[in-house]
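As structure tokens, the structure follows; a few thoughts come after it.
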Amino acid sequence: MQATLFTPNITDAGHAHDCAGRANPEGNMNRQYELKELIQSGNFVDGKWLEAADHARFSVSNPATGESIAQVADSGPADARAATDAAARALPAWRDRLPKERSVILHKWAALIMANQDSLGALISLEQGKPLAEGKGEVAYGASYVSWFADEATRIYGDIIPQQQRGKRMTAIREPIGVVAAITPWNFPLAMIARKIAPALAAGCTVVAKPAEDTPLTASALVLLAHGAGVPAGALNLITASREHAIAAVADWLEDPRVRKITFTGSTPVGKYLARESAGTLKKLSLELGGNAPFIVFDDADLEAAVDGMLVSKFRNGGQTCVCPNRVYVQAGVYERFGEMLSRRVAALKVAPATDAAAQIGPMINARALDKIARHVDDAVEHGARVLAGGRQLAELGPNYYAPTVLADANHDMLLCREETFGPVVAMFKFETEEEAILAANDTPFGLASYFYSESPKRIDRVSRALETGIVGVNEGALASEAAPFGGVKESGYGREGSKYGLDDYLSIKYICQGNLA
Ligand code: SIN
């Protein structure tokens with residue numbers, strides 16, 4: 001069996017069991033569900049699985065075959081409103097629970113997720129298409145956020161402000177912001193929703209959530225397990241909706257003054273829409289948006305390490321991650337050699353359905369995604385790109401497969417330079433000087449992640465400071481970790497997920513000034 005490309009810096013895949021075991025040894029945190037038991041078709045509102053108000057449903061399909069897996073609730077504004085009603089009702093009691101009590105429940109949830117790693121991993125692969133090993137890796141990745149924030153729940157400190165006037169005591173405390181709306185993407189159907197719901201619940205907020213229409217089943221399974229772990233009715237609510245109905249459903253949350261925060265991962269145009277449309281009630285927003293990440297290989301790089309880093313960062317999830325390198329800048333002295341080394345490795349990647357244990361790249365999520373990839377590659381070739389590997393659809397495998405591709409001689413007139421390809425395509429640009437590479441790397445409205453490879457300590461210091469992104473990988477392609485702050489600058493959004501900073505987005509600071517004390 002070939003190695004998986006997914007190698008996040010998970011530190012505690014087993015930790016979730018240990019913590020929860022200590023916290024609640026009698027709990028049912030080891031209950032194992034069969035895959036089919038995890039599949040839910042309804043909305044989860046106020047602790048109950050419900051049909052959409054108008055009984056509408058839409059079909060969820062397997063991207064490897066195009067076949068329907070399940071029919072799920074196609075929600076509208078009435079369902080969104082019911083979810084907010086439940087979350088608003090549940091808020092006072094959840095907010096008033098001791099942080100330690102919330103922590104115990106979250107640890108138990110993390111343990112249940114890990115106890116069901118196999119079936120959740122299979123469900124992710126089924127509806128999203130990633131290879132099974134990556135699906136299971138994502139389960140551990142998602143659980144690591146839940147157990148991280150279970151711990152963080154007990155560390156929400158305030159401050160006593162040094163006294164300014166006699167007879168007055170000034171303190172700052174941090175309070176849950178209120179009802180949170182979480183809108184999540186299809187590329188990591190478990191990890192992305194986990195890393196929004198877990199900090200919200202840890203902070204004492206209640207949640208209404210809507211997963212992407214391509215991958216609602218994993219999110220519903222996660223909510224099922226949260227309920228099993230003891231998250232009370234109303235504290236976590238989830239509605240599913242098709243592409244056609246989602247805008248109307250979510251609009252209800254954007255206008256409702258009880259929803260105090262929106263957390264979203266997805267495209268920049270949708271992020272801007274959410275910011276604009278929620279401005280009427282001035283909600284707090286966390287937006288994790290598009291990336292268009294640069295990856296720079298300097299002449300003084302360890303080329304083997306750079307090729308390894310490129311494989312991990314670019315081909316994880318078939319190139320469908322926000323932090324995937326989209327523009328690869330290679331210095332002239334190593335350009336041809338790097339291209340040869342990389343294309344040899346890329347051509348050897350195994351493209352296959354998740355059911356094939358050797359699969360390293362699965363199908364793309366849908367026909368729209370495949371069309372965009374093909375359009376970008378065709379446009380690049382028309383503008384003078386050389387195809388070093390791949391460069392074609394793999395229709396013989398199924399409807400949504402594209403060969404891992406390496407293109408040389410990319411230039412800034414190409415579509416793939418301006419837009420994220422979100423697929424398994426490496427486009428190599430040639431550069432001469434460090435200044436030129438930095439200017440080109442920063443020449444984008446986006447600023448989520450960047451990567452560079454160099455063995456020079458001075459250059460490492462200069463370039464890490466010069467790159468205008470929220471995340472920088474230096475001689476490293478696998479950046480994901482629950483302990484690190486994830487988020488961007490510029491039009492890649494604002495807010496941070498994970499790490500000790502990740503709770504701040506779900507809290508507001510209250511200043512209390514007590515007088516007449518002298
Ligand atoms: C994303 O694609 O938005 C997240 C990827 C990650 O967590 O590494």
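The values are calculated or read from the model by the stated rules, or taken from the named source; none is laboratory data. All of these numbers come straight from a predicted model, not from anything done at the bench. Every residue, glycine as well, gets a Cβ built from its backbone with ideal geometry; the counts of neighbours run over all protein chains shown. Protein only, heavy atoms only, side chains kept; ligands, DNA and RNA dropped before computing areas. Shrake-Rupley method; radii C 1.70, N 1.55, O 1.52, S 1.80 Å.
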* **Residue check, Pro232 outside any helix (DSSP H, G or I), in contact (Cβ under 8 Å) with a residue 24 or more places away in the chain, out of contact with any His (no Cβ under 7 Å at 6 or more places or on another chain) and within 16 Å of the ligand (Cβ to nearest atom)** => no
* Please state which of the following conditions Gly333 fails to meet, knowing it meets all the rest: (1) without any contact (Cβ under 8 Å) to a residue 40 or more places away in the chain; (2) surrounded by 20 or more Cβ atoms within 10 Å (Cβ to Cβ). => (2)
* Structure fact -> Taking segment 287-319 and the residues there that are of a type in the set (Val, Ile, Thr) and more than 16 Å from the ligand (Cβ to nearest atom), the one that is surrounded by the fewest Cβ atoms within 10 Å (Cβ to Cβ) would be Val307
* Asked: Any residue in segment 64-78 that is without any contact (Cβ under 8 Å) to a residue 12 or more places away in the chain, charged (D, E, K, R) and assigned by TED's automatic domain parsing to the domain that holds Val231?
  -> yes
* Extreme residue, surrounded by the fewest Cβ atoms within 10 Å (Cβ to Cβ), among residues of segment 465-487 that are touching a residue at least 12 places away in the same chain (Cβ under 8 Å), more than 22 Å from Ile177 (Cα to Cα) and out of contact with any helix residue (DSSP H, G or I) (no Cβ under 9 Å at 6 or more places or on another chain) -> Ala484
* Asked: Within segment 405-426, which residues are open to solvent by less than 10 Å² (accessible area, probe 1.4 Å) and either in contact (Cβ under 8 Å) with a residue 40 or more places away in the chain or in a loop (DSSP other than H, G, I, E, B) (or both)?
  -> Thr405, Val406, Ala408, Met414, Leu416, Thr421, Gly423, Pro424, Val425, Val426
* Only one of (1) in contact with a helix residue (DSSP H, G or I) (Cβ under 6 Å, 6 or more places away or on another chain); (2) closer than 24 Å to Thr469 by Cβ; (3) free of Cβ contacts under 8 Å to residues at least 40 places away in the same chain; (4) not aliphatic (A, V, I, L, M) is not met by Pro269, so which one is it? -> (1)
* **Qualifying position, being part of a helix (DSSP H, G or I) and not hydrophobic (A, V, I, L, M, F, W, C), among Glu396, Glu340** => Glu340
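Table: residues versus (1) under 23 Å from the mean Cα position of the chain (by Cα); (2) charged (D, E, K, R).
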residue: Asn43; (1), (2): yes, no
residue: Gly47; (1), (2): no, no
residue: Glu51; (1), (2): no, yes
residue: His55; (1), (2): no, no
residue: Phe58; (1), (2): no, no
